[in-house]
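A quick write-up on the structure given underneath.
Read the figures in this text as sums done on the coordinates, not as results from a lab. Since the model is a prediction, treat every value here as computed from it, not as a measurement. Here the Cβ is made from the backbone with ideal geometry for all residues, glycine too, and neighbour counts use every protein chain on show.
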């Protein structure tokens, strides 16, 4: 065989391979695609406000988000409120997503795109139970300009597609919950009683000290002393449970007080390998004057209304803390003091 013929056969082989790859993962020259740049989910833009229920399944988990008035709630968490921003971003992305590139029609290749058995299954329904949309969501990535690209498949499509604008969507119910639980300005905190230690500071001070430190004891670094106030004031959580049965005796209890009369009580429980917190709040008008007559930075105009808002979110629930916050709230007096010898 001549060198010229060998080269020709080599080029033809290369072209055939590239064509196969193009058909598998790009344009199919035998099909009239006719949808590049069009809406991914035709008709959803006009009907997106009809969505009453969102069902998400994947990775062995299920999240069912249901609309209740103006709120969105998580069915798998006893109707606890869902972060409305996450739901809005998801629905907006679905409504305005465009088809960018057609991809493989070979379902044996779907796993490479995060589709098939690996996919996240998403279904949108209206208040009658009618299905507005059902599709598979595969691997997702962000572009350099902050936009997203996601592989998708709908049962009526002839192939998978790479589409734009879809927001992150997962089947973990805890990921959707509304948090943080508390958003108290840390500068308001005057005292924290934790693990047998009383951490306190005057209104004019920024750093806490250990009240009642004995001879030979000194406080640890200021940032360690401020950790409990920081964690409680901005308390977030990883999961939530409804309190349907009385709990056993708390593992420990923490008290936080502000200069302007807010009192928070945090009871801690060890459950299922994690640390869970139950929150109660009250308002003491006798302490309000210590906050410069309500002029304290971050202080609410109505302390009683603040307590009502906190209890509305916390009453009847117990919250799982993340590991780092749990470690802070389990500290005891010895963790806040060091001997002079050290």
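With a simple spin-label model that places each label point 7 Å from the Cα along the Cα-to-Cβ direction, the separation between residue 78 and residue 203 comes to 4.0 nm.
Hydrodynamic radius of the range 183-264 by the Kirkwood approach over all distinct alpha-carbon pairs: 14.3 Å.
Rg and Dmax of the chain, based on Cα coordinates, read 28.3, 102 Å. Label separation (residue 214 vs residue 304): 4.4 nm, computed from points 7 Å beyond Cα along the C-beta direction. Figure legend: label point modelled 7 angstrom from the Cα of residue 282 along Cα→Cβ; residues of the range 232-268 with amide N under 14 Å from it are 255-258, 261-266. For the pair residue 111 and residue 61 in one chain, pulling the backbone fully straight at 0.36 nm per residue adds 16.2 nm over the alpha carbon distance.
Place a point 7 Å from the Cα of residue 323 along the Cα-to-Cβ direction; which residues of the range 266-281 have their backbone N under 19 Å from it? Only 269-277 pass the distance filter. Based on DSSP H segments of at least four residues, each scored -39500 (n - 2.57), the chain has a per-residue ellipticity at 222 nm of -6500 deg cm²/dmol.
Based on Cα contacts under 8 Å between residues 6+ apart, the range 31-176 shows a relative contact order of 28 percent. The relative contact order of the chain comes to 14 percent, based on Cα pairs under 8 Å that sit 6 or more residues apart.
The slack between residue 46 and residue 315, meaning 0.36 nm per residue of separation minus the straight C-alpha distance, is 93.0 nm. Taking 7 Å along the Cα-to-C-beta vector as the label spot, tell me the residue 88-residue 36 distance in nanometres, rounded to one decimal. Placing both labels 7 Å beyond Cα along the Cβ direction yields 3.5 nm. Per residue, the convex hull spanned by the Cα atoms of the range 186-339 measures out at 118 cubic angstrom.
The alpha-carbon positions of the range 31-176 define a convex hull whose volume is 115 Å³ per residue.
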